[in-house]
1. Could you give the nm distance between label points at GLU275 and ALA233, where each point is 7 Å from its Cα heading toward the beta carbon?
2. In the stretch 98-165, what trypsin sites (Lys or Arg not before Pro) fall in a loop by DSSP, with at most 14 other Cβ atoms inside 10 Å?
3. What does the highest-first list of 54-64, 250-260 look like by mean Cβ count within 10 Å?
4. For the stretch 29-287, what class follows from the C-alpha gyration tensor (a ≥ b ≥ c being the square roots of its eigenvalues): rounded when a/c is under 1.5, otherwise prolate if a/b is larger than b/c, else oblate?
5. Sticking with the crude label model, points 7 Å out along Cα→Cβ, report the distance from GLU71 to THR221 in nm, one decimal please.
6. Which lysines, on any chain, are close to LYS95 with Cα under 30 Å apart, when same-chain ones fewer than 8 places away are left out?
7. List the GluC sites (Glu not before Pro) in the stretch 190-239 that DSSP assigns to loop (not H, G, I, E or B) and whose Cβ has at most 13 other Cβ atoms within 10 Å. Which are they?
8. Using alpha carbon centroids, what distance separates the stretch 166-183 and the stretch 40-57, in Å?
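Values quoted throughout were computed directly from the atomic coordinates according to the rules given, and no laboratory measurement underlies them. Everything quoted here is computed from the prediction, not taken from an experiment. Cβ coordinates were reconstructed from backbone atoms using ideal geometry, including for glycine residues, and neighbour counts include every protein chain displayed.
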Amino acid sequence: MRKRGRWLLLLLFLLFLVTGCSGEEKGTLLKMTFLDTGKSDCIVIEAGGCVVVNDTADADDAGAICAFLDERQTKRIEYLILSHFDKDHIGSAAKLIGDYEVGQVLMPDYEEDSEPYMALMGALEETGTSYVRMREATSFSLEGIVFYVDAPREAVYENDNNYSLITAVINGNNRFLLMGDAQKIRTEEFLESPAAKARYDLVKMPHHGDYNKKLKELFLTAKPRYAVLTPDAERTRVEEETLALLETGRCSAFYTDEGTITVTSDGKNVAVSQESSERPEISVSIAME
């Protein structure tokens, strides 16, 4: 029955992928915030009245993340999605699990010999928070917004970045792709999934701007209007090939080192904004074809 349930969820995802949301006249409001936490990832997704957090940056970013959540009077995180166990992705996970009610943690199926990982596992045990070590893809829906989480195919990878969970978020006709730190092998695996056959409004680029040859294949289908990169201030990981790919695809790039990025969607239109000293506030709306 469990396997049958997973297939039904994937079927639901495919239905949303093809037809969009449920056809309600008033679309669900989706807000996705890419926090400025340096060379690290933390994405807060507000799906109607529900909150999902994708990665938790470094340990010293906990105060900023909690301040952001508290400003929104967040008490519960429905899902905490940890793409993989590098410290710049799970650094504040233990703090969030301890301070907020977390419905479930989704994470890849491997272990890491590191202080942030041990803190994560300790927090899960202490709070009794439910968690899943993902061996296969899954889907879930919150407030009419569908989340598809793609799991790595192999048990062991030479490079830890290839354990990354890749998350697609679908709100009606709007689609967003969060690539974690996926490198060539993991990107190639994702290309075999149904989620890779769709167009996306925005892609969160993998590994702070690293390029891999499979990204070109992904962009041929995804055709994103926007890309978000999470580099350090020197942008040491942003490769020339990545910039060329974005330019060729006429994809507007936003960098978290210039300030927090906010994306909103009503199921039809997408608006991206960022305010910083270096980049004037930008607000652009698009309608998915």
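1. In this crude label model, GLU275 to ALA233 measures out at 2.2 nm.
2. ARG135
3. 54-64, 250-260
4. Because its axes are fairly even, with a/c under 1.5, the stretch 29-287 counts as rounded.
5. The two pseudo-label positions are separated by 3.7 nm.
6. Partners found: LYS31, LYS39, LYS75, LYS87, LYS204.
7. Sparse-neighbourhood loop GluC sites (Glu not before Pro): GLU192, GLU234.
8. Measuring centre to centre over Cα atoms gives 12 Å.
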